[in-house]
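Got a structure for you, questions after.
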Amino acid sequence: MHMLRVFTLIGFLLIVSVAPVFGTTRLVPTDYATIQEAITAAVNSDTVLVATGQYLEHLNFLGKNIIVTSFYALDPDCSLILNTIINANGTGSAVILTSGETSDAVLMGFTITGGTGHLYEPGYGTFYVGGGIYLNNSSPTIKFNIITGNDTPDGGGGIFSDGGSPLIHRNTIVNNTTATSCGAGMLIKNATGGLVDSNYVQFNSALHGGGIALKHSNITLKRNVISHNVATADGGGIRIYTQSAPTIINNTISHNDGDGTGGAVQIIEESSPIFMNNIVSYTVGGGGVLATPGCTPDLSYNLFYENTGGDYIGVVPGLGDVTGNPAYVSGLPYDYHLTITSQAISHGNPAYAYNDPDGTRNDCGAFYYPLTVTPVVLASFSANLAPQGVSLIWTTASEIECWAWAVQRCVAGESFQDLSALIPGFGSSVEPHAYQYMDETAQAGQTYSYRLKQIDLDGSVTFSNPLSVTVNGVASGYSLQQNYPNPFNPQTSIAYSLAQAGPVSLRIYDTAGRLVADLVSGIRDAGLHTAVWNADGLPSGLYLCCLQAGGQIFNRQLALIK
């Protein structure tokens, strides 16, 4: 098993993302003992919010367009995904959606494991497929999950989908098996549309199609890492068969093994994929891209490197295809971000429509190398007073070879000194990341300056511009801090700061928009203020805290769990 890789990879996979919360919020296990009980009680647009723990269940969405999520929807902490587990416990599928659910049906923020497959009868046999997730004529949104340790006899170890147009987004799909059939990571059949993007599909094993198998499917695969998958017969990374015409664009397909036949990508049975801007590298056996007679793949602007068995088998190089070193960051677990020497940089399709987010020509592979920004782009840095001290929050737009951060502090007339321990960076990442540090040693009446020390992998150091904060003094701006504690029962503190004296309104609303508490209403002095809300007598659920001050409105979500 490669669970250490799972724990580490989610740091590269996940970014700050808060799911919308609609309708009634149904808390598990506070209001309902099981997740399925909450789903059964829910109606369209409801949210089933699940606390951490292991749930030995088999979930069925019952045709409802609802959100089923862990607390990751409220707090983008990867540990919430790792510790909120749906375990099929060795029987059936962990989650099934079979009643026409749309993209408004959302499964988010879980570890999904222990599945052995759901009964599937397509008219030409009886099969058990979809160990982790089984979809049939359903088009849900499956995002920010870890799908691991599922084993099916007949296909789709991690995810199986027949019909519909699912959105499968930013999941880690690892260590699933389909020993005697197809698509250990996922098997997608008869898809007329849909999108599989920004997933890690790794260390899965099948007879055919170790990572992903596509049968009669026109789905789009975009910016996925498909690596270290094994097929004991053929199609190590991706197997495309039965007249499939998918669009496969900007994926990194590396270190896969097809046992001599289609190590990275196998294209058979009159299939005609568009295969563009991908990296195919380090294939262990079976060659890079294999196509059998009757198939018409459209290859262009791909980069190939060190594929055992050859780059092309039964297909000729496409327009703009090149051979060159992708120069990955490497490391353990393997990091497929590009370094500055990568020959994948600016070798993708030159058309403007395919440009990278920095506006430059497309780079091959799942990750682009930012050419118009500095190696680490600090997007924001703020210091705010909070009940526990001074809250320091910073975000990055991208990071290249970022090893660590340290928060530094000084008082007037003194030099900056390290305040925090080293805070690990995200290495090389072109996605935004958020950091937070709480200075609990700040003293009342004192003015502090804070700055960030950013340390690269080579040891070089850069510093941010400093910020000044006066503790219990005049605030530098208006802000509403996250309540503490959160979740809470039944009392919580809410801190807010005012740059100038003036009228203030601080109110609490439920998810239906009804006013449940009027905490502050009147003139308040400039500075830091704290209000205490006692929610005794109110039901568990999500509430909205609204601050109006200085002509501005600030909102925070609060979670009451009894």
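Each value in this text was obtained by applying a stated rule to the coordinates, not by laboratory testing. Worth saying up front: this structure is predicted, and the values here are computed from it rather than measured. Ideal geometry is used to build each Cβ from the backbone, glycine not excepted, and the neighbour counts take in all protein chains shown.
Just want the ordering: THR113, THR296, from fewest to most Cβ atoms lying within 10 Å of their own Cβ. Before the final figure, lay out the partial values.
Values: THR113 23, THR296 12.
In increasing order of surrounding Cβ atoms, one gets THR296, THR113.
Then there's this: Nearest 20 debye, what's the magnitude of the dipole of the stretch 347-463 about its Cα centre given +1 on Lys and Arg Cβ and -1 on Asp and Glu Cβ? Can you show the working numbers first?
On the way: 4 positive and 12 negative charges, 47 e Å.
Dipole size: approximately 220 debye.
Please count, across the chain, the pairs of lysine residues with Cα atoms under 30 Å apart that sit 8 or more places apart or on different chains.
11
Listing PHE463, PHE144, PHE61 from the residue with the fewest other Cβ atoms within 10 Å to the one with the most, what is the order?
Numbers: PHE463 11, PHE144 28, PHE61 24.
So the ranking, lowest neighbour count to highest, is PHE463, PHE61, PHE144.
In a shell of Cβ-Cβ distance under 10 Å around ALA264, excluding ALA264 itself, what net charge do Lys and Arg (+1) and Asp and Glu (-1) give? Walk me through the intermediate numbers first.
Details: positive: none; negative: ASP257, ASP311.
Summing Lys and Arg as +1 and Asp and Glu as -1 gives -2.
Fewest Cβ neighbours within 10 Å first, please rank TRP394, TRP403 accordingly.
Details: TRP394 22, TRP403 17.
Going from sparsest to densest Cβ surroundings: TRP403, TRP394.
Report the Cα centroid-to-centroid distance between the stretch 59-138 and the stretch 336-354 in angstrom, as an integer.
35 Å
Identify which of the listed values of Cα extents along the principal axes in Å was calculated from the structure shown: (i) 79, 55, 39; (ii) 115, 55, 51; (iii) 88, 70, 44.
(i)
May I pose another question? Over 16 Å, how big is the tail of the calculated P(r) for the stretch 479-560, in percent of all Cα pairs?
Numbers: 1516 of 3321 pairs.
Considering the stretch 479-560, 46 percent of its Cα-Cα pairs are separated by more than 16 Å.
Multiply the residue separation of LEU119 and THR296 by 0.36 nm, subtract the distance between their alpha-carbon atoms, and state the gained length in nm to one decimal. Don't skip to the answer; put the middle values down first.
Numbers: separation 177, 0.36 × 177 = 63.72 nm, distance 3.39 nm.
Once the chain is fully extended between LEU119 and THR296, it gains 60.3 nm.
Moving on to the next point. At R0 = 51 Å, how high is the FRET efficiency between GLU306 and GLU414 if r is their beta carbon distance? Nearest 0.05 is fine.
Details: r = 54 Å, r/R0 = 1.07.
Once the sixth-power term is evaluated, E becomes 0.40.
Still on this model: With Cβ to Cβ distances under 11 Å as the rule, what net charge do the other residues near LEU299 carry (K, R +1; D, E -1)? If you can, show how the numbers build up before the last one.
Numbers: positive: none; negative: ASP298, ASP311, ASP321.
So the environment of LEU299 carries a net charge of -3.
For an R0 of 30 angstrom, estimate the FRET efficiency from the Cβ-Cβ distance between GLN54 and ALA179 and round to the nearest 0.05.
Details: r = 26 Å, r/R0 = 0.86.
Result of the calculation: an efficiency of 0.70.
Now for a separate question. Quick one: helix 3-13 against the long Cα principal axis of the chain, what's the angle to the nearest 10°, folded into 0 to 90?
That works out to roughly 70 degrees.
If the convex hull of the alpha-carbon atoms of the stretch 11-170 is projected onto planes in all directions, what is the mean projected area in square nanometres?
Details: hull surface 33.7 nm².
For the Cα atoms of the stretch 11-170, the hull's average projected area reads 8.4 nm².
At a Förster radius of 30 Å, what calculated FRET efficiency corresponds to the Cβ-Cβ distance of ASP358 and LEU422, to the nearest 0.05? Before the final figure, lay out the partial values.
Values: r = 29 Å, r/R0 = 0.95.
Between ASP358 and LEU422 the formula returns 0.55.
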